[in-house]
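The values are calculated or read from the model by the stated rules, or taken from the named source; none is laboratory data. Bear in mind the structure is a predicted one, so any value in this text is a computation, not a measurement. As a convention, Cβ positions derive from the backbone with ideal geometry for all residues, glycine included, and neighbour counts pool all protein chains shown.
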Amino acid sequence: MDNLKPFLTQVLAGVASQYADIRVEESDETDIVYRGQELDQVERSFERGGCIRVFHQGNWGTASFNQVDEKLEGLARDVASAVEAMPAKPETLGSLPALTDSVTIPEADDPRKVPLEDKHALIKHYNDILLKTPGVTTTMSAYEDKFRRSSFLSSEGRFITQDSVYTGFVCRAVARDGTNVQDYHDTFGKTAGFSSLLNREVMVERIAKVALDLLKAEPVTAGRYDVIIDQELAGVFAHEAFGHLSEADFLAANERLRELMKVGNKYGVDELSIVDDGTMPGERGSFRYDDEGSAAERTELIKEGRIAGHLHDRQSAQRMSERPTGNARAVSYRFAPIVRMRNTFIEPRGYNIEDMLDSVENGLYVCGSRGGMTELESFTFSSQYARLIEHGRQTKLMRDVILSGNVFETLKNIKMIGDDLVMFGGLGGCGKNGQAPLPVGLGAPHLLIRNVVIGGK
Amino acid sequence: MEEQILELAEARGAKAEVYSSDENRLTVEFRANEFHSQESRLARGYGLRVVKNGRVGFSSTSDPDKVGELVQAAVDTSEFGKRCGFEFPGPASSLPAVKTFDNRVIMLPAIKMIEWARELVDAVRARVPAIKVDVSLTRRYGERAIVNSAGLRRRFSRATLELSATGLLVSDGLVWMSEYENLSAGGPPSIGLLADRIEQKAVLARTRARLATGTYPVVFMPTAVPDLLYPLVTGVNGKQLEKGASPLIGKVGEKLLDEKIVLADNALRDFGIASAPSDGEGVPRRRNVLFDRGVFTGFLFDLATAAACGARTTGSAARDYSSPPRPGMSNLELAPGDARLEDVLTGIKQGLLVHDCIGGGQSNVLAGDVAVNVSSGFHVGNGKLTGRVKDTMIAGNVYKMLANVAAVGDVVRDLGRFHVPFLMFECLKVATRE
């Protein structure tokens, strides 16, 4: 699939609608999964397909396909005539200038060049570290890599070919003591080559250790606590509780939220800034162009405690009279892009973790994430574990610690922002409207939040 | 193409199975009362499973130009693959009869789907003027083929058509009202009935009812029953038996649930969303009873898990082209009982009726734990529905809940892959903010 421009131009030639684009993708993916001692899965898949979109007078038509041949001209015309037959709405997409660009990856990062036996040996090695830890009863260790090449052409004359690479692994250890069963997992993954996964033994050893420690942890007592949350959980909060509310396609459908998310509204201390950035080298949610050909950028969502911006695709930007931010992403060629996050994080400030501990008389230091759910501005997150803080010192290990609350109240209760930003990627990703898992990055420094509702069992 | 891939794999000294699917999907969508989009999806791909030197390998592609790479990758992965304990099945004498498509569905033009969606939006708005309605209609028409080295050659087609609608009202917070209809048998949608159901919920939602935290009789309407069945579906999966993880291990033949519970996995239901004459490995499908009057009757298997567990396949291999087969559910049927909803409600002094939940699947599903937020539910006071409840959570263990069912409804609702009546429980823990 070298230069597809002449072919793609031909496909769109018969479409006279206001706007059209076509995206063709090829990908090559390897998956290896161990469960306990047994290799459960080893698979490779080669995908090729694409998606045509047509916009006319406020209406969208899309078609995805696997067969990349001259029949696509007819498909494009069919989509266009269906859309043009719809009742017109007074809406446009704005315009972007013509452009030709090509994005490649360093050859050393191409996972297709790494032999399968090396990939297998690596994940087996990490899985063996877990298995040989006394007290660990079972494990799950998975390796995944993906090379993706996409070619995009719009009726405005934007032609972009873009290569991307994703590699990562996840390890989970289960420890058991009688009927007490505890598990812990961690994952690592970037837009980088196979070599980025090497030498992660310390991380894997820690997974086994935490699972064993959790056997001795006590369930937390429900109530209101002052909490310090670690970088991962704070990153999940930035993404899940706040980031999704910044997605403009969602705001467009909800008047009350649009009011709440108005630029200038103040929700936090002056030090609070939250950013969604697609340009961070190597991070899991990074790319040069989104799936409708807009350049990725750094978008400030909260600046100095005030709402500063929203995440857009071209249509939502036009609707809200803002600029497209390069957040139109599709999980694969089978889908049209929708507004999604990239790397979402809270900016670091001046406090270190010792300062924060000193200012908590009684509270919790809550770490890691086991997922959660949000409904508009309400959120519930499960952490992996926590430590009790007594008189500024970390004491007992606690488990089953669930945080819940209202995102806007919680933002106002962030009192100290740490100096130790860490970004997380890993396998898996974000889900929205049936498109999952989309690779995203998230992160934060440590945060001190007062008066958080903690639910226990 | 399947034959060509099979020959190439056999030439590499492997026994092989090729699964192909070719699907044409069309979705029309209305959002907030207006036409939003028409989306078509043409998806075709091939999955290749090989057995070489006693080990299993797998690869897949949607690119017909990559047949050589496909075969090479399957052989490569087999070097590390699992030991194979099964044989590919040969051609069976006959397949069960099941209707999997109606020509009216296949021939239905997009414009007609748009017209139906528009009619439903109009019908709902005529009843509830302030409402915003989303409607989507999705037609899938697909052909699947399986060939293998044991001489099996299978091919079948399936067409389904599904409608879902959600009404959104702003009334002391946001209120969603969802409806669904399986139209795969070829008839038009029941516009009046769907609109009436949304209207009933909308009228009730205008009144806010309060229920203090406590133990109450609870009716799970059919739309909420799948949340209670998911843990069972996971538990009966042969893969969980193989992994030693199912709580049902060693319990075949034991009475675990209430005798009113008869639960079956039935891929032979006419026009079912997951109906098929044979499974993802070409084995004839059948109706598998999972719980018979409360007694656990057995797990669901594909070839590999059956071999690992010393059992026989139940014809339950589920898959698409991009992944190897695994045991999975098809259409789940919970048999109706004899209870009428009016009679059950009349008997409740203070309780809850639940239409929809969110948050299922967040707890320890395998152990049977459920903890759900009631997203659409109504207070029952002295036999009458009095209004909508907010911030209400139900937590429990489905194995315990289903061991003591007070009543099973006399009407089964078709929810696509679930065919279920309502269930009533005498006392469940309900947590609210009141």
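What to note about this one:
- Applying the set (1) within 21 Å of residue B:281 (Cα to Cα); (2) within 12 Å of another protein chain (Cβ to nearest Cβ); (3) not in a helix (DSSP H, G or I) to residue B:37 leaves exactly one unmet item: (1).
- Residue match in segment B:324-337 (condition: among the basic types (Lys, Arg) and either in contact with an Asp or Glu (Cβ under 8 Å, 6 or more places away or on another chain) or assigned by TED's automatic domain parsing to the domain that holds residue B:142 (or both)): yes
- Top-ranked residue of segment B:54-68 - restricted to ones that are crowded, with 19+ Cβ neighbours inside 10 Å and of a type in the set (A, V, I, L, M, F, W, C), ranked as farthest from the other protein chains (Cβ to nearest Cβ): B:56
Each row is one residue, and each column tells you yes or no for (1) closer than 29 Å to residue B:46 by Cβ; (2) in contact with a strand residue (DSSP E or B) (Cβ under 7 Å, 6 or more places away or on another chain); (3) away from chain B (no Cβ under 11 Å).
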position: A:33; (1), (2), (3): yes, yes, no
position: A:70; (1), (2), (3): yes, no, yes
position: A:79; (1), (2), (3): yes, yes, no
position: A:111; (1), (2), (3): yes, yes, yes
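- Checking segment A:53-65 against the condition returns no match, with no residue being surrounded by fewer than 18 Cβ atoms within 10 Å (Cβ to Cβ) and either touching a residue at least 60 places away in the same chain (Cβ under 8 Å) or in contact with a Leu (Cβ under 7 Å, 6 or more places away or on another chain) (or both).
- Residue in segment B:168-181 that is away from every other protein chain (no Cβ under 14 Å), surrounded by fewer than 20 Cβ atoms within 10 Å (Cβ to Cβ) and either farther than 28 Å from residue A:376 by Cα or among the hydroxyl-bearing types (Ser, Thr, Tyr) (or both) present: yes
- Taken as a whole, the structure leaves residue B:31 outside the set of residues that are in contact with a helix residue (DSSP H, G or I) (Cβ under 6 Å, 6 or more places away or on another chain) and outside the structural domain of residue B:307 (by TED's automatic domain parsing).
- Candidates A:353, A:346 - the one that is closer than 29 Å to residue B:174 by Cβ and assigned by TED's automatic domain parsing to the domain that holds residue A:280: A:346
- Which numbered condition residue A:344 fails, given (1) polar (S, T, N, Q); (2) assigned to a loop (DSSP other than H, G, I, E, B); (3) buried (at least 23 other Cβ atoms within 10 Å of the Cβ): (2)
- Odd one out for residue A:320 among (1) surrounded by fewer than 17 Cβ atoms within 10 Å (Cβ to Cβ); (2) free of Cβ contacts under 8 Å to residues at least 40 places away in the same chain; (3) farther than 25 Å from residue A:409 by Cα: (2)
- Filter result for residue A:53 (touching a Phe, Trp or Tyr at 6+ places or on another chain (Cβ under 8 Å) and either within 14 Å of another protein chain (Cβ to nearest Cβ) or under 20 Å from residue A:328 (Cα atoms) (or both)): yes
- Residue that is touching a residue at least 60 places away in the same chain (Cβ under 8 Å), over 30 Å from residue A:446 (Cβ atoms) and among the polar types (S, T, N, Q), where the choices are A:179, A:221, A:191, A:138: A:138
- Wholly within segment B:124-212, strands (runs of 3 or more DSSP E) carrying at least 2 residues that are closer than 30 Å to residue B:7 by Cβ: B:132-148, B:153-170
- You will find that of A:86, A:140, the residue that is buried (at least 16 other Cβ atoms within 10 Å of the Cβ) and either in a loop (DSSP other than H, G, I, E, B) or in the same structural domain as residue A:368 (by TED's automatic domain parsing) (or both) is A:86 and no other.
- Leading residue by the ranking (nearest to the other protein chains (Cβ to nearest Cβ)) among those in segment A:358-396 that are more than 30 Å from residue A:428 (Cα to Cα) and of a type in the set (Gly, Ala, Ser): A:363
- Hits in segment B:383-434 (condition: of a type in the set (Asp, Glu) and within 30 Å of residue B:184 (Cα to Cα)): B:410, B:414
- Within segment A:266-291, residues that are of a type in the set (Asp, Glu) reach partners that are outside any strand (DSSP E or B) and surrounded by fewer than 17 Cβ atoms within 10 Å (Cβ to Cβ) with beta carbons closer than 7 Å, at six or more positions or on different chains, in the pairs A:270/A:304.
- Checking B:71, B:51, B:18, B:75 one by one, the residue that is of a type in the set (Val, Ile, Thr), more than 10 Å from chain A (Cβ to nearest Cβ) and closer than 20 Å to residue B:278 by Cα is B:18 and no other.
- Only listed residue being surrounded by fewer than 19 Cβ atoms within 10 Å (Cβ to Cβ), within 20 Å of the chain's Cα centre (by Cα) and charged (D, E, K, R), chosen from A:177, A:163: A:163
- Boolean, residue B:163 is assigned by TED's automatic domain parsing to the domain that holds residue B:188, surrounded by 15 or more Cβ atoms within 10 Å (Cβ to Cβ) and farther than 24 Å from residue B:273 by Cα: no
- Options B:124, B:98, B:128; residue that is farther than 19 Å from residue B:355 by Cβ, crowded, with 18+ Cβ neighbours inside 10 Å and touching a residue at least 12 places away in the same chain (Cβ under 8 Å): B:98
- Within segment B:78-125, the residues that satisfy the criterion of being within 30 Å of residue A:117 (Cβ to Cβ) and within 14 Å of chain A (Cβ to nearest Cβ) are B:78, B:79, B:80, B:81, B:82, B:83, B:84, B:85.
- Residue A:240 within 14 Å of chain B (Cβ to nearest Cβ), under 30 Å from residue A:355 (Cβ atoms) and either among the hydrophobic types (A, V, I, L, M, F, W, C) or in contact with a strand residue (DSSP E or B) (Cβ under 7 Å, 6 or more places away or on another chain) (or both): yes
- As for segment A:44-51, it holds no residue that is touching a helix residue (DSSP H, G or I) at 6+ places or on another chain (Cβ under 8 Å) and either among the β-branched types (Val, Ile, Thr) or more than 26 Å from residue B:49 (Cα to Cα) (or both).
- Of the set (1) under 30 Å from residue B:279 (Cα atoms); (2) crowded, with 23+ Cβ neighbours inside 10 Å; (3) not hydrophobic (A, V, I, L, M, F, W, C), all apply to residue B:351 but (1).
- Whichever residue in segment B:79-123 is assigned to a helix (DSSP H, G or I) and in contact with a helix residue (DSSP H, G or I) (Cβ under 7 Å, 6 or more places away or on another chain) and, among such residues, is nearest to residue A:34 (Cα to Cα): B:110
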